Amino acid sequence: MALCNYYDGIAQRRSVNYVPKLEELPKIALDTLDTSDPETKLVLFSNNTFRYFRPELEAKLCSLQVFQEHWDTTQVFAYKSVELKDLPEITDLKLISDYGDFRAPFVAKIRSHYGPRGRRNHNGVDLPLKTGEPVYATFDGKVRYSTYNSGGFGNLIIVRHPNGLETWYAHLSRRNVNVNEYVKAGDVIGYGGSTGRSTGPHLHFEVRYCDQTFDPERLFAFEEGELKYQTFALERSFFSIRSRETDQLEEYDDFENIASLKDEDGEEASAEDILAYLSAEEKAKREEEYRKSQELYHTIKRGDMLGTISRKYGVTIDQICRLNNISRNTTLQINKRIRVR
Ligand SMILES: [Zn+2]
């Protein structure tokens, strides 16, 4: 239930922060179950669906501005009046705060990474899954968009979080939440599938800030199901200039093609098959990624600052601090070698 906005009548009669009592839920609710979290109850409905019910969380998040401004539940892009150039060069995002926890949307090895695909951009990562496997809300937040998207995303859910980040979950077989509902990290918001422009079950997952995409792998280690930082310095240079070019999802990523590469016995494609398939451009990109993943050092020169070094190597300031066990305020010593990767 979108407890803040669901009962328009109630909300108008009382304050906007009014949270309805359990007994005011629709009559079709069959039963309410306790969960291991004392603040969370499950409401079971006659149509075999369930909803989370948590008045405390909703009362806490209801009044935040981030859930009121640029709040559009009908379109994928909600910040059309905000240009890329209007965004600050660096935005510090608290990923973990008193607003809650983290859970990976789905734990898997990425099949298709974020980045350019020919003349277009793959705006998220593709995680292979089986149809029907649960997909989780990554952080606490409010559902901004939940519908079947004819642009190619299929069943798409967009959740906005208290720090302004939005997470996108596409190709779901079923959506378990409606717009204006509040969710907690780890809530099952939907189930994996292959709806929309997709030829095999996978989760297409994006993170956006003011409609702008950046690589979700900057935040998450998907294979481990872990969050990389508590606070993240989101740099404007991370955003793709093609972020808002289209709301048509172009699945020309490798996922479907590799998934459909089968040998004559019907076995899955081998590593060699896949490598043979990949274009030279794609191979070069992967080699570049591999090279980037190797350790790299920088020798401090006069005038160097953490910001300039981080931009030069395309890494975050947090990463440099962590690798060298220094803080953002540490004075850099000329000629000292610091690790950037
Ligand atoms: Zn994708």
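The values are calculated or read from the model by the stated rules, or taken from the named source; none is laboratory data. A quick note: this is a predicted structure, and the numbers were derived from the prediction, not measured. So basically every Cβ, Gly included, is an ideal-geometry build from the backbone, and we count neighbours across all protein chains shown. For accessibility, only protein heavy atoms count, side chains too; no ligands or nucleic acids. Shrake-Rupley method; radii C 1.70, N 1.55, O 1.52, S 1.80 Å.
Only residues that are within 23 Å of Cys62 (Cα to Cα), at pLDDT 65 or above, touching a strand residue (DSSP E or B) at 6+ places or on another chain (Cβ under 8 Å) and part of a loop (DSSP other than H, G, I, E, B) were counted across the stretch 17-49, and they come to 2. Only residues that are out of contact with any strand residue (DSSP E or B) (no Cβ under 6 Å at 6 or more places or on another chain) and farther than 12 Å from Arg160 by Cβ were counted across the stretch 58-75, and they come to 6. Screening the candidates Thr213, Thr231 for the property of being hydroxyl-bearing (Ser, Thr, Tyr) and under 26 Å from Arg120 (Cβ atoms) yields one hit, Thr213.
Matching residues to (1) under 21 Å from Leu93 (Cβ atoms); (2) within 26 Å of the chain's Cα centre (by Cα); (3) outside the structural domain of Phe214 (by TED's automatic domain parsing):
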residue: Gly303; (1), (2), (3): no, no, yes
residue: Leu306; (1), (2), (3): yes, no, yes
residue: Ile309; (1), (2), (3): yes, no, yes
residue: Ile317; (1), (2), (3): yes, yes, yes
residue: Cys321; (1), (2), (3): yes, yes, yes
residue: Asn324; (1), (2), (3): no, no, yes
residue: Thr331; (1), (2), (3): no, no, yes
residue: Ile334; (1), (2), (3): no, no, yes
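Answer with yes or no whether Ser97 is among the small types (Gly, Ala, Ser) and free of Cβ contacts under 8 Å to residues at least 40 places away in the same chain. When the stated conditions are applied, Ser97 does not pass them. When Glu58 is tested against (1) open to solvent by less than 30 Å² (accessible area, probe 1.4 Å); (2) within 17 Å of Leu219 (Cβ to Cβ), just one condition goes unmet, and that condition is (2).
If only residues of the stretch 156-209 that are of a type in the set (D, E, K, R) and assigned to a loop (DSSP other than H, G, I, E, B) are counted, the one that is surrounded by the most Cβ atoms within 10 Å (Cβ to Cβ) is Asp187. Any residue at all in the stretch 129-137 that is within 13 Å of the ligand (Cβ to nearest atom), outside the structural domain of Tyr52 (by TED's automatic domain parsing), part of a loop (DSSP other than H, G, I, E, B) and over 15 Å from the mean Cα position of the chain (by Cα)? Within the stretch 129-137, one or more residues are within 13 Å of the ligand (Cβ to nearest atom), outside the structural domain of Tyr52 (by TED's automatic domain parsing), part of a loop (DSSP other than H, G, I, E, B) and over 15 Å from the mean Cα position of the chain (by Cα).
Each row is one residue, and each column tells you yes or no for (1) within 16 Å of the ligand (Cβ to nearest atom); (2) modelled with pLDDT of 90 or more; (3) assigned to a helix (DSSP H, G or I).
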residue	(1), (2), (3)
Thr213	yes, yes, no
Glu224	no, yes, no
Ser237	no, yes, yes
Glu295	no, no, no
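Return the only residue of Ser36, Ser81, Ser63 being touching a residue at least 40 places away in the same chain (Cβ under 8 Å), of a type outside the set (Phe, Trp, Tyr) and exposed (fewer than 14 other Cβ atoms within 10 Å of the Cβ). After ruling out the rest, the residue left standing is Ser63. Any residue at all in the stretch 150-159 that's at pLDDT 95 or above and more than 16 Å from the ligand (Cβ to nearest atom)? Among the residues of the stretch 150-159, at least one is at pLDDT 95 or above and more than 16 Å from the ligand (Cβ to nearest atom), which makes the answer yes. I'd like the full set of residues that are of a type in the set (A, V, I, L, M), in contact (Cβ under 8 Å) with a residue 60 or more places away in the chain and within 26 Å of Gly192 (Cα to Cα), limited to the stretch 208-241. Residues satisfying the conditions are Leu219, Leu227. In the stretch 304-341, of all residues being assigned to a helix (DSSP H, G or I) and aliphatic (A, V, I, L, M), the one that is surrounded by the fewest Cβ atoms within 10 Å (Cβ to Cβ) corresponds to Leu323.
Output the residues belonging to the stretch 64-92 that are among the charged types (D, E, K, R) and in a helix (DSSP H, G or I).
Within the stretch 64-92, Lys85, Asp86 meet the criteria.
Residues in the stretch 227-244 that are out of contact with any strand residue (DSSP E or B) (no Cβ under 7 Å at 6 or more places or on another chain) and within 19 Å of Arg322 (Cβ to Cβ): Tyr229, Gln230.
Pick from the stretch 97-126 the residues that are hydroxyl-bearing (Ser, Thr, Tyr) and not in a loop (DSSP other than H, G, I, E, B): which of them is nearest to the ligand (Cβ to nearest atom)? Taking the candidates together, the pick is Ser112.
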